[in-house]
Amino acid sequence: MRHGTLALVAATTVAASFWTPAACAAVPAGWTNHGFTLDTAGMPLHEVLDRFAREYGVEVVSDVPDRAVKRETLRAAGGGGLLERLAQAYRFRWFVYGDTLHVVPREDNVSMRLDLGANGVRDAKGVLAGVGLFDSRFGWVELPREGAVIVSGPREYVRLAREVLLPARPGDAADDMQPMVFRLKYAGATDRVIAARGKTETIPGMKTILSNLLVGQPSQGGNAGRPRIDADPSLNAVIIHDSAGRRAMYQALIEQLDVLPRQIEIDALIVDIDRARLPGLVSGAAPAGPGATLLVNDAAGLLARLKGLEASGDARIVATPGALTLNNVAAVLDLRQSRYIPLVGERVADVAEVSAGTLLRVVPRIVDDGAARVRLDVDIEDGNLGSGADAQVTRSTLSALAIVDLQQMLMIGGYGTEAMSGHKDAAGARRERLYLITPRLAGGGMPAQAAAEPAVAPQPQPQPQPQSPALAASVPAPVATAVVPVRAAPAAPAAPPPEPTWAVLQSDKTLNGTLQRWAAGAGWQLMWELPVDYAVAVRTELHGSFADAVGMVVKSMEGADIPMKAIFYDGNKVLRIVAKGSEP
C-alpha cells in the first residue's frame, strides 16, 4: 500500500505541473538558430511534418491521425517553437531522441516506476540528459528512500527511458527460461512421413507446427532468448524451453491443436471389366463410357453385378484394399512392379530402378454441413512396364475431387488396360479399369475393440409365464409355436407387440460401446464426437424405439462434466453424439 500511495502522489504531481511555463522541450542545439518558413496551402498535417523533418535533418515517426492544416504561412525563429504552435493547434505532443522526431496524440500518457537503487536515482536524470532524451515537459519524480524514480509521458518516451536506465542484460532472459513438457493425447509429437514411388509426403507433427509458428527462421543475431522446441516420441510429448510466464499461452495453443480426430475407413475396389459390359452396369445411370465418373447410390447392387461378371470371366478384381485413416490425412495404396536396368560405363557399373503399377492416394475430409458427407481428393497413377528388354514404360495419371454421401460409392473409369499393357487379354476383349471408392465413418475415434465387437440386434423380450420349478428346469430353451384359431371360441383381441428392449451391458465397457451396438442392430451408423467416454457400471434396460432409447441416455447424462447431444440424420441413417451446445 505504501508503494501505491507514493505512485498516486507522484502521478498527481506530474499532472498538476505538466503544462507549467517552466517546462521546455529538449531539442537539438542546431534548432535554436535555424529559422523555418512554410506556406501550408491546405497541406495535410503529415506533409507539413515531413517538410519540417527534411529541413532539420530528422526522421518523423507519427501516430496522430492525419488532417488538413489551415492555409497560412508558418514562420518561426527555431524548430521547437514551430512544433509547439502546431502541437497546440492540432492536439499532439512531440519529443526528439537521436535523429527521430516522435509525434504522438495528446492523450498518449503512461507512468512507470523504475527501481534503480539509491545510487541510480542520483544519476538517472543526468544520464537521460546526457543521451539527449530527458524532457522537462514530461513527468519526473525521484524517490531516494525507495531507490526508484517515476517517469511519466508518452508511451514511447517512457519505454526509451526504461531502456536507457534499465538495459536488458543477456543473462536476464536465460535466467527465467525453463523446460516445460506437454504430453499430447491425440496429435503426434513428431512428423509422419509417407513414401510412395520415390517421393515423400510429410505430415507435420506438433513439434514442427510449433517451431514454424513460434520460432520461424533463425535470425543472424543468434538464438539468445528464443524458445527451443523438441519432441519425445516415447512419451508423445513436446518439450519447450522458454520463459515460465508463457506456459499458459503454450498450454492454450496446444489444447486447440491436440483435438480428437475423426476416423474414416476408405474401401477401394480396382476391377478390370470387359468394355462391352459397361452399359447398364450401374442401374438408373447413363451408360458408363470411357472416362466416366459416377456417384453410385446402389453400392450393394453394383458389387453383386461385379461378382457375377467375375464368375463369368467378364471381369477381374485386381485389388480390394481398405485403410483406416484420420480426417484430412492421406491413405495411400501402392501396387507397383519394379525392374532394375544395368547401367555400365567405362569404369563404373550401377543399376537403375524403374517402377510402374497402380498408385491410389485418397485424402478424405468430413464436410460439416449437417448432411454427414465426405470430400474425397483422389490421385491415381496407373502404368505397366511392358515386356521385352527394350519395352517402354507407360504411365497414366488422374486427379479427381468429389463430395460423396456416406451411402454412396465413387466410381472412376477411363483406363483401357490394353493401352497400358500393349495387348488384349486372351479372349481378345478390350478391358476397362474401374476404381470404386467408398468412404465410411468409423465412429469418430472409438476404440478398436468396441468397433470389432459383434453387433447384437435388440430383440423383444418374451413376457415371463408362471410355471412350476420342475417345468422350468425341464425346458432348456424357448420353443417357437404356431397359434391356430378355433372357430368355436370367439377370437380374443390381438395383443399389441411388445416394445423393443435396449440393454446396457457391463460387457460394453463404455457408453460409446453400448451405443455402437445399438446402432448396428438398428441399421444406423454412430459417430461419437465427444472428447471423453463414460464407463458402464451397472446393467439396465430401456424400452421404446431406437431414438427413444438414445434420448433417455442423453437425458440421463445431463449432469455429466460434458453433457451430450444426439443428432439424427434420417436420410442416410447416421447418428452423431456431440457435446451439448456445439454446432451440428
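Every number here is computed from the coordinates shown, using simple stated rules; none is lab data. Worth saying up front: this structure is predicted, and the values here are computed from it rather than measured. No Cβ is skipped: glycine too gets one built from the backbone with ideal geometry, and neighbour counts run over all protein chains shown.
In the neighborhood of Pro154, defined by Cβ-to-Cβ distances under 12 Å, what is the net charge if each Lys or Arg adds +1 and each Asp or Glu adds -1? Once all neighbours under 12 Å are counted, the net charge is 0.
Compute for segment 502-544: radius of gyration divided by Kirkwood radius, i.e. Rg/Rh, restricted to C-alpha atoms, rounded to two decimals. Write down the numbers at each step before the final one.
Details: Rg = 10.4 Å, Rh = 10.8 Å.
Rg divided by Rh gives 0.96.
The radius of gyration of the Cα set in segment 67-150, together with its Dmax, comes out at 16.6, 53 angstrom.
Take the Cβ atoms of Ala248 and Ala129, set R0 to 51 Å, and the FRET efficiency comes out at 0.80. Phi angles across segment 559-574 convert, under the Karplus curve 6.51 cos²θ - 1.76 cosθ + 1.60 with θ = phi - 60°, into 3J(HN,Hα) values of x, 6, 4, 10, x, 10, 9, 9, 10, 9, 10, 5, x, 10, 6, 10 Hz, Gly and Pro given as x.
Count the net charge of all other residues whose Cβ sits under 12 Å from the Cβ of Ala535, scoring Lys and Arg as +1 and Asp and Glu as -1.
Values: positive: Lys509; negative: Asp508, Asp533.
Neighbour charge sum, excluding Ala535 itself: -1.
For the pair Ala89 and Arg67, label points projected 7 Å from Cα toward Cβ lie 1.2 nm apart.
Under 13 Å from the Cβ of Val58, count the other residues' Cβ atoms, weight Lys and Arg +1, Asp and Glu -1, and hand me the total. If you can, show how the numbers build up before the last one.
On the way: positive: Arg51, Arg54; negative: Asp50, Glu55, Glu59, Asp99.
With Lys, Arg at +1 and Asp, Glu at -1, the net is -2.
Modelled spin labels at Lys307 and Val554, positioned 7 Å past Cα toward Cβ, are 3.6 nm from each other. Between Ala535 and Gln178, the FRET efficiency estimated from the beta carbon spacing at R0 = 41 angstrom works out to 0.65. Remark: spin-label model distance Val193-Lys580 equals 4.8 nm, labels positioned 7 Å along the Cα→Cβ axis.
Could you state, as a whole-number percent, how many of the C-alpha pairs of segment 56-211 are farther apart than 21 Å? Roughly 65 percent, rounded to a whole number.
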